[in-house]
Each structure stands twice: as C-alpha cells, then as structure tokens.
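Remarks on the structure that follows.
The values are calculated or read from the model by the stated rules, or taken from the named source; none is laboratory data. Because the structure is a prediction, the values reported are computed rather than measured. Cβ placement follows ideal geometry from the backbone for every residue including glycine, while neighbour counts extend to all protein chains displayed.
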Amino acid sequence: RARAALGFVILRRDLTTFGRIKRIRAHVCEPDEILILFRTDVIQLRMLPKTPVISREIWTLSPWNAWQFFVIEDDQITEIRYEVPPELLPAETISTGISAQQPLPATRCATEPSPTGPEPGAEVTVGSIPGPVGGGAGITSSPMVGESRDEGQGPKPA
C-alpha cells in the first residue's frame, strides 16, 4: 500500500508548511521524543529543503484530544506553543471554565505536580480531567459501573 510522502501542506503568502499528523498515546515531554517515536517521518521531512519560506512540522494528537506541534529543523526539534483566542474556543469550553489559553510549560511533565491539576498518585475520577499527561504514571481511574477494584474479580453481578 502506497503512503503519501507528506500528510498536509499549508500554503500562505509568506510560508509553506509541510507536515504530518500523528496519533500518540501519551503527552510528549521532550521534543527529542518525536525523533524516537516517528523517526521515519522526521527523516522524510528533513529531506525537504529548509528555507526561510518552508516549515517542516509534525502535529500530534493524544487520546484526550490534546494537540502538540513540533518544528523539524536540520539539527533539532522544537515544540511550538500556542494560545487560542477566546473567540475561537468552543462554547462548551468557555462555559466549563477550562482554559485552553494556558498550555503546560515545556519544562513540565507528568513527574511534576501541575499547579492546577491533581498530585501524582492521586485518584482521579474518569471524565474529571481531559486525560493523564505522560501516559498516566501514578494516576488511577475510578472503576466503571459494574466493575470492582479487587484484583482478579470481574464485573459485579447485576
């Protein structure tokens, strides 16, 4: 099965962006992880000439609909941080008070407690946060309806 060399191309007056969209299972804490996770994609994007009017990017989407954007340079990979203007936020985001304008700083990862999130190892109810950062190390979820926390037991009888 043939695979396209590039996932997308964005044409602007001053810049042309070539990139790929990739699904990931966990938040990328360090931009260098992109090279480990998507080595072939990085190599293929680096084959494109780097000029002031060409950008090479990989966009990642986690299971919690959290996007991360990375610029692929010849010698490094850099994460692009962004802020969403309030007028572009979906209505439910505004009404629930979830702020998409404050992404995690690049130096923060799952091993450090978030100033607005739960402490590592704290029990978190499913649906109370968009999802664990960094694969959920130390974060557990509440059992689903009919499930038991006891190991080795299946669903409770109805």
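Does residue 106 satisfy the criteria of being at pLDDT below 50, over 21 Å from residue 11 (Cα atoms) and hydrophobic (A, V, I, L, M, F, W, C)? Against the criterion (at pLDDT below 50, over 21 Å from residue 11 (Cα atoms) and hydrophobic (A, V, I, L, M, F, W, C)), residue 106 qualifies. Candidates are the residues of the stretch 12-34 that are hydrophobic (A, V, I, L, M, F, W, C) and crowded, with 16+ Cβ neighbours inside 10 Å; the one that is nearest to residue 68 (Cα to Cα) is 28. Among the residues making up the stretch 31-78, those that are touching a residue at least 24 places away in the same chain (Cβ under 8 Å) and either in a helix (DSSP H, G or I) or acidic (Asp, Glu) (or both) are 32, 34, 35, 42, 44, 45, 46, 57, 74. If I ask for residues that are within 14 Å of residue 78 (Cβ to Cβ) and of a type in the set (Ser, Thr, Tyr), which ones from the stretch 18-59 would you list? 55 - this is the single residue of the stretch 18-59 that is within 14 Å of residue 78 (Cβ to Cβ) and of a type in the set (Ser, Thr, Tyr).
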